[in-house]
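The values are calculated or read from the model by the stated rules, or taken from the named source; none is laboratory data. These numbers come from a predicted model, not from an experiment. Glycine also receives a Cβ, built like all others from the backbone with ideal geometry; neighbour counts cover every protein chain displayed.
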Amino acid sequence: MTTPGEFENRVQDLGVAIPFDSVVEPAPSGPLSRPIEIDGFRVGNRFCILPLEGWDSAEDGNPTNASLQRWRRLGRSGAKLIWGESAAVRPEGRSSPQQLLVDRSTLPGLDMLRLAAVEAHRQAHGDPADFKVGLQLTHSGRYSKPHGMSSPVSVRHHPYLDRTLGPPPDQPLLGDDEIYGLIETYVSAVALVAEAGFDFVDLKACHGYLGHELLGAFERPGDFGGSFENRVRFLTTIASRAKSAVPAIRLTLRLSAFDAVTHVADEDGVGRPITEGNYRYWFGTDETGHTVDLAEPVRLLTVMRDMGVNPVCITGSSPYNARHLQRPALNVSPGEYLPPEDPLVGVARHLDVTRRLKEAVPGLVMVGSGYSYLQQWMPNVAQAVVRSGAADIVGLGRLHLASPTAPSDVLSGRGLDTKKIWASF
Ligand SMILES: Cc1cc2nc3c(=O)[nH]c(=O)nc-3n(C[C@H](O)[C@H](O)[C@H](O)COP(=O)(O)O)c2cc1C
């Protein structure tokens, strides 16, 4: 797909919709360069670098020189919104011994990380008043590996994941009291991140980790399972408690707003939905688990908006459940299933879900994900999406790794470094 015509024909052949502007306008007039403001929280343009964990923190949860280097690249990128990577609220909830930890002992390190991005932005792009940097709070739940080996804790059963990942059958689910305790830990972590000077704190409710698993805890008894109100209680309680404990801090939410039945490789290595168990495990699907259903995501986002949680970042599924939904890609790593659909279909799903959520929940500023597979066509699609109001801000994940200054390349009119991008993809 080397010409816009070829790209648009391919999209048409696939029967999906991906908006496309043939001319991308640079700053200061282009739609991607326009600032956006939420109650005084001003973001200087429409690019965000999505959370990208670097697995380079020290054993004690502090950033290392490698982490600082990465965060300098975030600052130089030209994006005005940095949705900083996941940082564990407790040592046992780390996804690896190299994940950041939010703790009083790591506060100076977290502050240095933030400043690394801010200073790099100042040197490359000037005044950082409209440059916003956040940090994402997480507990890895079923995917916790604080010492390198799997040490899962779970909040709900899932026949396939219980059998393949654990926790072992004799390990009870995290109890309601323990979840209330974890909520308090999150609230303390919000206060610490605010003290470290970050502009916002993100509550991670995506990609299979604990905050996301609870949203699908349909069969869990007690305060955190069953009804919609119970399944969102973890997030709503953290948000309301954090708002009263740390009124000055801005809270955001990163949500896996759509999902599918767990996929595994078939005999040809292609991802197929598993057939065991019933499918009522995931948030953002209908009862069969095969079709996206945004009714509950809309309800949750409405509640969050009304609590002042804004902006939100929309993503889908998890790398452990239906990876092709989360990260559209043609090439996969060893051990991963091959994509069961053209990755452009995955990109179109991201765009469509975000557009529908934006329509359904006015007033909520939405950052979209899943643009990286578009490679050289990202700017054309990004501008068309923002111009039409289908998303407010375009989030870049893997594309930032391939081309760290992509936003400033687009906004300056230089254009993307396509050789770098193709080499990486
Ligand atoms: C190396 C790597 C690390 C990631 N770390 C995080 C993370 O810490 N938190 C998170 O919410 N998503 C994380 N993600 C997911 C990305 O933010 C993003 O949703 C995904 O890559 C799809 O967007 P893209 O098509 O622009 O890459 C990570 C992805 C990659 C490739």
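Tallying residues that are surrounded by fewer than 12 Cβ atoms within 10 Å (Cβ to Cβ), among the small types (Gly, Ala, Ser) and in contact (Cβ under 8 Å) with a residue 12 or more places away in the chain within segment 18-61 yields 1. I'd like the full set of residues that are within 16 Å of Gly211 (Cβ to Cβ) and among the β-branched types (Val, Ile, Thr), limited to segment 148-198. Once the filter is applied, which keeps residues that are within 16 Å of Gly211 (Cβ to Cβ) and among the β-branched types (Val, Ile, Thr), segment 148-198 yields Val153, Val155, Ile179, Ile183, Thr185, Val187, Val190, Val193.
Say we look at segment 382-401 and pick out the residues that are hydrophobic (A, V, I, L, M, F, W, C) and in a strand (DSSP E or B); which of these is nearest to the ligand (Cβ to nearest atom)?
For segment 382-401, the residue satisfying everything is Leu396.
So, in segment 407-425, of the ones that are within 13 Å of the ligand (Cβ to nearest atom) and in contact (Cβ under 8 Å) with a residue 60 or more places away in the chain, which residue ends up surrounded by the fewest Cβ atoms within 10 Å (Cβ to Cβ)? Can you show your working first?
Taking segment 407-425 first, the residues within 13 Å of the ligand (Cβ to nearest atom) are 407, 421, 424-425.
With the extra rule that they be in contact (Cβ under 8 Å) with a residue 60 or more places away in the chain, the set shrinks to 407, 425.
On the way: Pro407: 30, Phe425: 15.
That would be Phe425.
Looking only at residues of segment 350-376 that are of a type in the set (S, T, N, Q) and within 17 Å of the chain's Cα centre (by Cα), we find that the one that is surrounded by the fewest Cβ atoms within 10 Å (Cβ to Cβ) is Ser372. Set side by side, the residues Val16, Val43, Val24 differ, and just one is of a type in the set (Val, Ile, Thr) and in contact with a Lys or Arg (Cβ under 7 Å, 6 or more places away or on another chain), which is Val43. If you filter segment 130-143 down to residues that are within 24 Å of Pro172 (Cβ to Cβ) and within 14 Å of the ligand (Cβ to nearest atom), you find that the one that is surrounded by the most Cβ atoms within 10 Å (Cβ to Cβ) is Thr138.
With respect to Ala116, determine if the residue is more than 16 Å from the ligand (Cβ to nearest atom), more than 17 Å from Leu137 (Cβ to Cβ) and part of a helix (DSSP H, G or I). In short, yes.
Only a single criterion out of (1) under 13 Å from Met366 (Cβ atoms); (2) surrounded by fewer than 24 Cβ atoms within 10 Å (Cβ to Cβ); (3) polar (S, T, N, Q) is not satisfied by Thr288, namely (1).
Each row is one residue, and each column tells you yes or no for (1) at pLDDT 95 or above; (2) surrounded by fewer than 24 Cβ atoms within 10 Å (Cβ to Cβ); (3) of a type in the set (Ser, Thr, Tyr).
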residue	(1), (2), (3)
Ser77	yes, no, yes
Lys80	yes, no, no
Glu85	yes, no, no
Arg90	yes, yes, no
Pro97	yes, yes, no
Ser105	yes, yes, yes
Glu119	yes, yes, no
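Across segment 330-345, the qualifying residues are those that are at pLDDT 95 or above and of a type in the set (A, V, I, L, M, F, W, C), and the one among them that is farthest from the ligand (Cβ to nearest atom) is Leu338. The number of residues in segment 205-234 being of a type outside the set (Ser, Thr, Tyr), in contact with a helix residue (DSSP H, G or I) (Cβ under 6 Å, 6 or more places away or on another chain) and buried (at least 19 other Cβ atoms within 10 Å of the Cβ) comes to 11.
Look at Pro379 and say whether it is buried (at least 24 other Cβ atoms within 10 Å of the Cβ), away from the ligand (no atom under 13 Å from the Cβ) and either modelled with pLDDT of 95 or more or more than 18 Å from the chain's Cα centre (by Cα) (or both). Criteria met by Pro379.
Restrict the check to segment 238-252 and report whether at least one residue is surrounded by fewer than 20 Cβ atoms within 10 Å (Cβ to Cβ) and without any contact (Cβ under 8 Å) to a residue 24 or more places away in the chain. Walk me through it before giving the result.
Narrowing segment 238-252 to residues surrounded by fewer than 20 Cβ atoms within 10 Å (Cβ to Cβ): 240-241, 243-249.
Keeping just the survivors that are without any contact (Cβ under 8 Å) to a residue 24 or more places away in the chain gives 244, 247.
Within segment 238-252, one or more residues are surrounded by fewer than 20 Cβ atoms within 10 Å (Cβ to Cβ) and without any contact (Cβ under 8 Å) to a residue 24 or more places away in the chain.
Quick one: count up the residues across segment 26-60 that are more than 18 Å from Thr252 (Cβ to Cβ) and within 16 Å of the ligand (Cβ to nearest atom). Outline the logic, then answer.
Of the residues in segment 26-60, the ones more than 18 Å from Thr252 (Cβ to Cβ) are 26-34, 54-60.
This time we only want the ones that are within 16 Å of the ligand (Cβ to nearest atom), so: 32, 54-57.
Final tally of qualifying residues: 5.
When segment 253-285 is limited to residues that are among the basic types (Lys, Arg) and closer than 23 Å to Pro328 by Cα, the one that is surrounded by the most Cβ atoms within 10 Å (Cβ to Cβ) turns out to be Arg254. Scanning segment 95-107 for residues that are under 21 Å from the mean Cα position of the chain (by Cα) and closer than 21 Å to Ala194 by Cβ turns up Gln99, Leu100, Leu101, Val102. Tyr281 meets all of the listed conditions (1) at pLDDT 95 or above; (2) hydroxyl-bearing (Ser, Thr, Tyr); (3) closer than 14 Å to Gly211 by Cα but one, namely (1). Evaluating Pro404 against the criteria (1) in a loop (DSSP other than H, G, I, E, B); (2) touching a residue at least 60 places away in the same chain (Cβ under 8 Å); (3) within 12 Å of the ligand (Cβ to nearest atom); (4) not hydrophobic (A, V, I, L, M, F, W, C) leaves one unmet condition, (3). Would you pick out the residues in segment 279-323 that are without any contact (Cβ under 8 Å) to a residue 24 or more places away in the chain and not in a loop (DSSP other than H, G, I, E, B)? Answer for segment 279-323, where residues must be without any contact (Cβ under 8 Å) to a residue 24 or more places away in the chain and not in a loop (DSSP other than H, G, I, E, B): Ala295, Asp306. Tyr180 passes every criterion in (1) part of a loop (DSSP other than H, G, I, E, B); (2) surrounded by fewer than 19 Cβ atoms within 10 Å (Cβ to Cβ) apart from (1). Within segment 74-113, being away from the ligand (no atom under 12 Å from the Cβ), of a type in the set (Lys, Arg) and in a loop (DSSP other than H, G, I, E, B) holds for Lys80, Arg90.
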